[in-house]
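The structure under discussion appears below in the form of structure tokens.
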Amino acid sequence: MVGNSYDVLRKQARTLENEIDLKLVAFSKIGAGSSSSLSGNNSAAAADTSPLLGEHVFDSLSAEIEQMLDKLSTLNESMSELPASGSAAMHTLQRHREILQGYRQEYNKIGANHTMRIEREELLRGSGLATGGSPSISGLSRREMYMKESGHLSSAGHMVNDQINIAIETRDNLHAQRQAFKRLQTRFNDISNRFPLISSLIQRINIKKRRDSLILGAVIAFCVILLLIYAFN
């Protein structure tokens with residue numbers, strides 16, 4: 001009798017899992033904003049200006065999936081309350097629990113993504129209305145906002161390109177200045193090589209300066225020594 005009850009609960013759990021899986025697929029499509037499957041291939045403008053239908057379907061399906069998940073959780077608890085009939089049964093029960101946990105995570109993820117998308121669209125729609133639009137053209141306002149964002153991105157790209165061009169021009173100018181300094185140095189070297197007498201004269205002047213410095217240093221040292229001798233005597 002216990003075995004029959006366990007088998008019945010397991011079949012119900014499998015059937016419910018398959019149904020939840022299909023519901024989650026549809027739930028994911030609605031949450032992603034696939035309005036074509038909801039409105040019978042209507043135009044994009046009608047889907048944008050009438051978002052309440054999609055929201056109603058999303059909320060209804062969300063509540064239905066939540067009830068199915070609760071029912072699956074109840075079935076898993078009922079199976080766990082039955083006496084264990086072996087390791088295979090325990091493994092099966094653990095597998096059902098993991099499936100339920102995965103479904104709940106997927107359900108919460110879809111709901112969170114849908115909420116973020118709606119908030120973003122409401123923000124864009126509100127921005128469009130604040131600039132003088134009306135609720136009847138909220139879809140058009142949203143498109144205008146997307147176009148403005150695209151324009152801003154394009155302008156930012158042009159600004160970046162301008163900055164890159166300025167940097168390239170600066171690099172070219174610095175390179176030209178470097179070449180000019182190299183040419184100037186080369187000219188000085190050529191002048192020095194063409195006039196060796198000037199170079200020789202400069203060397204003699206430097207030698208004389210060093211010699212005069214040595215003589216002056218020796219005189220100063222001699223005077224200091226004489227002063228020290230006189231002071232001690």
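Structural remarks
- Only listed residue being surrounded by 15 or more Cβ atoms within 10 Å (Cβ to Cβ), in contact with an Asp or Glu (Cβ under 7 Å, 6 or more places away or on another chain), β-branched (V, I, T) and at pLDDT 85 or above, chosen from I65, I99: I99
- For I164: the one exception among (1) modelled with pLDDT under 85; (2) more than 30 Å from F58 (Cβ to Cβ); (3) not charged (D, E, K, R): (1)
The values are calculated or read from the model by the stated rules, or taken from the named source; none is laboratory data. What you see is a predicted model, and the numbers here were worked out from it, not measured in a lab. Methodologically, a virtual Cβ is constructed for each residue, glycine included, from the backbone with ideal geometry; neighbour enumeration extends over all protein chains shown.
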